[in-house]
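Working notes, beginning with the structure itself.
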Amino acid sequence: MQTVRVELGKRSYDILIGFDMLEDIGPALAEHGLLSDNMAVLTSPTIGAHYYQQVRDSLERAGAAVVDRHDIPDGEDNKSLDEFCRAVRRLAQFAPNPAVRPTVLALGGGVVGDLGGFAAASFRRGVPYVQVPTTLLSAVDSSVGGKTAVNLPEGKNLCGAFYQPSLVYMDLATLDTLPGREVRSGVAEVIKYGAILDADLFQYLEESIEALIELDAEALTQVVPTCVELKAEVVGEDERENAGVRICLNFGHTIGHAIEKAAAGALSHGEAVAVGMVAAARLSVQLNLCDSDVEDRLSDMIERAGLPVTAPGLRLETVLDYLRHDKKFITGANRFILLEDIGAWTCREGVDMDAVRDITRSVLL
Ligand code: NAD
Ligand code: GLY
């Protein structure tokens, strides 16, 4: 097992990474002072069917008096205010004794983790929670860093809080049951880390991307802790994304989000971000920030990962419209995370909209 620490003063926490660890989650929580008499597991029907029993057995063996399961239905549409209300009300019914502080366990991907984290942040003004990620995306990204939220009809992640978990417990064996498309969605975020922050990671991916997609244990052991360390460092420097560092994680997400919305469900988040990363790299070349070799290496990597480099069929004006309404644009000048090299990001504001339009058009062909 590997341990990565997120250093945030009093809010510091460990990320435990390994294989076949679910059956030991009870003792691990006890060791970290997180085993409550009331253990509230938030999960989903699909994920719970695979992994809840193991978690429950382990918690009970370790001495938890009551373990409760509450399911958030699968799918991004359920990262909603309605499901948030159901989850916090369930917590109120399950843990009515003010003398017993429940621990929330978010067992699932980013949907369960984001909603579960926000429920933990809000219930009784904050109870401890543990992220137990079961998707590659949640392992390398959403389970770390304390961004919790639900979507509103008015926009994604509009209602939430920065609220750090007390522990992240990452059993990579749970990825075995993850559908291939979800694996690739997570791989897009892995590629992002290499592209913006770590040339060595990117080179490793150039050598081993196929092994990673097949969830080869050695590849996961190389890649996941590296991504988690990178994210822990970024979050340690800029917990609330107001120090000009955490924004780097938005690489590929500006045009990517607009494409994701325009595609209306036809593209996964990772697929849209993949196209967004190609667009951002191309924009970087056009602005003379890097050589075309950087764009070529990134596009090759994305294609080898089985992710798209273009999103044909979407209307340019629809994508640009979503782009103009992006929260990063509304505050004034646009802002893009761009590349100076593989492993070296930079930020530019007020990029000429004609250039943005041309680049966006080029990835819709
Ligand atoms: P997800 O949580 O929707 O999970 C994807 C699908 O995989 C679901 O149908 C789920 O039931 C299924 N699944 C999960 N684990 C499984 C397993 N081990 N075996 C079989 N099926 C499994 O998707 P995701 O990609 O994990 O997360 C996406 C969400 O994460 C988005 O809402 C996004 O906004 C959020 N996110 C948050 C952050 C953050 O910093 N908080 C960062 C990135 C993304
Ligand atoms: N995934 C973006 C962030 O955590 O900041």
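Would you mind stating whether residue 116 is assigned to a helix (DSSP H, G or I), under 16 Å from the mean Cα position of the chain (by Cα) and within 26 Å of residue 39 (Cα to Cα)? Answer is yes for this residue. For region 23-40, does any single residue satisfy the condition of being closer than 27 Å to residue 217 by Cα and touching an Asp or Glu at 6+ places or on another chain (Cβ under 6 Å)? No. In the set (1) within 11 Å of ligand 1 (Cβ to nearest atom); (2) not in a helix (DSSP H, G or I), the condition left unmet by residue 183 is number (2).
In region 301-318, the residues that are in contact (Cβ under 8 Å) with a residue 60 or more places away in the chain and of a type outside the set (Ser, Thr, Tyr) form Cβ pairs under 7 Å with partners that are in a helix (DSSP H, G or I) and open to solvent by 50 Å² or more (accessible area, probe 1.4 Å), at six or more places apart or across chains, as follows: 301/206; 305/184; 306/184; 307/184. Only a single criterion out of (1) within 16 Å of ligand 2 (Cβ to nearest atom); (2) among the acidic types (Asp, Glu); (3) out of contact with any strand residue (DSSP E or B) (no Cβ under 9 Å at 6 or more places or on another chain) is not satisfied by residue 229, namely (3). Yes or no: residue 229 in contact (Cβ under 8 Å) with a residue 60 or more places away in the chain and either more than 22 Å from residue 146 (Cα to Cα) or in contact with a Ser or Thr (Cβ under 7 Å, 6 or more places away or on another chain) (or both)? So residue 229 fails the test. Applying a threshold of 8 Å to beta carbon distances and a minimum spacing of six or more residues, or different chains, the list of pairs starting in region 173-195 at a residue that is basic (Lys, Arg) and open to solvent by 10 Å² or more (accessible area, probe 1.4 Å) and ending at one that is away from ligand 1 (no atom under 11 Å from the Cβ) and assigned to a loop (DSSP other than H, G, I, E, B) reads 184/305; 184/306; 184/307. Determine, yes or no, whether residue 188 is among the small types (Gly, Ala, Ser) and closer than 17 Å to residue 143 by Cα. Yes. Exactly one residue out of 321, 296 is at pLDDT 95 or above and open to solvent by 70 Å² or more (accessible area, probe 1.4 Å), and it is 296. When residues in region 98-146 are screened for being hydrophobic (A, V, I, L, M, F, W, C) and modelled with pLDDT under 95, 2 of them pass.
The residues in region 147-174 that are touching a Pro at 6+ places or on another chain (Cβ under 7 Å) and near ligand 1 (Cβ under 9 Å from one of its atoms) can be counted, and the count is 0.
Which one of these is more than 16 Å from ligand 2 (Cβ to nearest atom), small (Gly, Ala, Ser), in a helix (DSSP H, G or I) and in contact (Cβ under 8 Å) with a residue 24 or more places away in the chain: 49, 87? So that I can check it myself, show each step before the final result.
On the way: 49 fails: in contact (Cβ under 8 Å) with a residue 24 or more places away in the chain.
87 is the lone residue from the list that is more than 16 Å from ligand 2 (Cβ to nearest atom), small (Gly, Ala, Ser), in a helix (DSSP H, G or I) and in contact (Cβ under 8 Å) with a residue 24 or more places away in the chain.
The values are calculated or read from the model by the stated rules, or taken from the named source; none is laboratory data. Predicted model, so just to flag it, every value in this text is computed and none were measured. Heads up, the Cβs are rebuilt from the backbone with ideal geometry, glycines too, and the neighbour counts pull from every protein chain shown. Surface areas here come from the heavy atoms of the whole protein model, side chains and all, with no ligands, DNA or RNA. Shrake-Rupley method; radii C 1.70, N 1.55, O 1.52, S 1.80 Å.
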